[in-house]
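Colleague: Sending over a structure as structure tokens; questions will come in a sec.
The values are calculated or read from the model by the stated rules, or taken from the named source; none is laboratory data. All values derive from a computational prediction rather than experimental measurement. Ideal geometry is used to build each Cβ from the backbone, glycine not excepted, and the neighbour counts take in all protein chains shown. We work out accessible area using only protein heavy atoms, side chains counted, and drop any ligands, DNA or RNA first. Shrake-Rupley method; radii C 1.70, N 1.55, O 1.52, S 1.80 Å.
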Amino acid sequence: MKYQAAIFDMDGTLIDSLADLADSVNETMDHYGFPQHTLEDYRYFVGNGAKKLIKRSVPKDKSDDDDFINEVLEYYNGCYQRHLTTKTRPYNGIVEMLDKLKSLNIPMGVCTNKQQFAADEIVAAMFQKGIFSAVIGDSKGLPRKPDPTKVLKIAAQFKVEPEKVAYLGDTSVDMETAHNAGFLSVGVTWGFRPASELIESGAEILINHPSEIWKHVEFEAN
């Protein structure tokens, strides 16, 4: 099979954003007088959107109070907006991989459960203008991954059949998203979760560095 498009998760796949996410939530926890968490804790708190991140971070007796969670989320969004690009950087080899895909005229998109404002600002700050033809974050009316709606919307925009799309991600949510959409699931091991999680959630291919993609996936423009 020759693949005609590539869609990427963002956090843990394209960018190492864990420290900025952790710092922003810990600042929020400190504001409310709640215990802070370690960087390792946040590896498992992230991945399902900002609201879920906050619910996992507050004390358990507060996590079911939706009005309170929304209040904390609003405060966190302000913190994160200030820290979006403080420590966040693309992983080694990502820029080179994207440049090669672009040279092959392969359309590329980003699908993330993080806030749309954060996804847009990070893409603008970290990557060449126009490298991605679509960036879809957590947007009203669109269900979060692993629901395939958002990634299928990108594939339709590219006019590429699902079975000819390679989807790269670092968590079980991403592998489930790829399977739900009918994409090739490529698990990346440099991100937030271990290879064992990717294998257990059905990764068809595992890569340990962006340059390894060429050993496993053949791309050809539509």
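Colleague: So, Thr13, is that one among the polar types (S, T, N, Q), buried (at least 19 other Cβ atoms within 10 Å of the Cβ) and outside any loop (DSSP other than H, G, I, E, B) or not?
Modeller: no
Colleague: Return a yes/no flag: does the range 50-59 have any residue that is touching a His at 6+ places or on another chain (Cβ under 8 Å), open to solvent by 20 Å² or more (accessible area, probe 1.4 Å) and under 30 Å from Asn208 (Cα atoms).
Modeller: No, the range 50-59 has no match at all.
Colleague: Right, here's the next one. Working only within the range 117-167, note down all residues that are assigned to a loop (DSSP other than H, G, I, E, B), of a type in the set (D, E, K, R) and either open to solvent by less than 70 Å² (accessible area, probe 1.4 Å) or closer than 22 Å to Asn92 by Cβ (or both).
Modeller: Once the filter is applied, which keeps residues that are assigned to a loop (DSSP other than H, G, I, E, B), of a type in the set (D, E, K, R) and either open to solvent by less than 70 Å² (accessible area, probe 1.4 Å) or closer than 22 Å to Asn92 by Cβ (or both), the range 117-167 yields Lys129, Lys145, Asp147.
Colleague: Follow-up question, since we're still on this one. Taking Thr177 as meeting all but one of (1) within 15 Å of Met10 (Cβ to Cβ); (2) assigned to a strand (DSSP E or B), write down the number of the exception.
Modeller: Result: Thr177 fails condition (2) only.
Colleague: Go through the range 94-116 and report how many residues are in contact (Cβ under 8 Å) with a residue 40 or more places away in the chain and within 24 Å of His83 (Cβ to Cβ).
Modeller: Final tally of qualifying residues: 7.
Colleague: List the number of the failed condition for Asn77; all other conditions in (1) within 22 Å of Asp170 (Cα to Cα); (2) in contact with a strand residue (DSSP E or B) (Cβ under 8 Å, 6 or more places away or on another chain); (3) among the polar types (S, T, N, Q) hold.
Modeller: Failed condition: (1).
Colleague: Just to verify a result, which residue in the range 22-49, among those that are part of a helix (DSSP H, G or I), hydrophobic (A, V, I, L, M, F, W, C) and open to solvent by 10 Å² or more (accessible area, probe 1.4 Å), is farthest from Arg144 (Cα to Cα)?
Modeller: Among those residues, the one meeting the criterion is Leu39.
Colleague: Here is a follow-up. Which residues, taken from the range 118-131, are among the hydrophobic types (A, V, I, L, M, F, W, C) and under 14 Å from the mean Cα position of the chain (by Cα)? Can you show your working first?
Modeller: Just the residues of the range 118-131 that are among the hydrophobic types (A, V, I, L, M, F, W, C), to begin with: 118-119, 122-127, 131.
Ala118, Ala119, Ile122, Val123, listed by residue number.
Colleague: Now for a separate question. Criterion first (surrounded by fewer than 16 Cβ atoms within 10 Å (Cβ to Cβ) and of a type outside the set (Phe, Trp, Tyr)) does Lys62 satisfy it?
Modeller: Yes: the conditions hold for Lys62.
Colleague: Can you tell me which residue is farthest from Ser172 (Cα to Cα) among those in the range 190-211 that are open to solvent by 40 Å² or more (accessible area, probe 1.4 Å) and free of Cβ contacts under 8 Å to residues at least 60 places away in the same chain?
Modeller: Asn208
Colleague: Scan the range 120-140 for residues that are among the polar types (S, T, N, Q) and touching a helix residue (DSSP H, G or I) at 6+ places or on another chain (Cβ under 6 Å) and jot them down. Let's see the steps before the verdict.
Modeller: Looking only at the range 120-140, we keep the residues that are among the polar types (S, T, N, Q), and these are 128, 133, 139.
Scanning the range 120-140 gives a single hit, Ser139.
Colleague: Here is a list: Ile136, Ile131, Ile122, Ile94. Which entry is more than 26 Å from Leu53 (Cβ to Cβ), touching a Leu at 6+ places or on another chain (Cβ under 8 Å), at pLDDT 95 or above and among the β-branched types (Val, Ile, Thr)?
Modeller: Ile131 is the lone residue from the list that is more than 26 Å from Leu53 (Cβ to Cβ), touching a Leu at 6+ places or on another chain (Cβ under 8 Å), at pLDDT 95 or above and among the β-branched types (Val, Ile, Thr).
Colleague: Right, next: Tell me, please, whether a residue that is open to solvent by 10 Å² or more (accessible area, probe 1.4 Å), in contact with a Gly (Cβ under 8 Å, 6 or more places away or on another chain) and hydrophobic (A, V, I, L, M, F, W, C) can be found in the range 98-109.
Modeller: No: the range 98-109 contains no residue that is open to solvent by 10 Å² or more (accessible area, probe 1.4 Å), in contact with a Gly (Cβ under 8 Å, 6 or more places away or on another chain) and hydrophobic (A, V, I, L, M, F, W, C).
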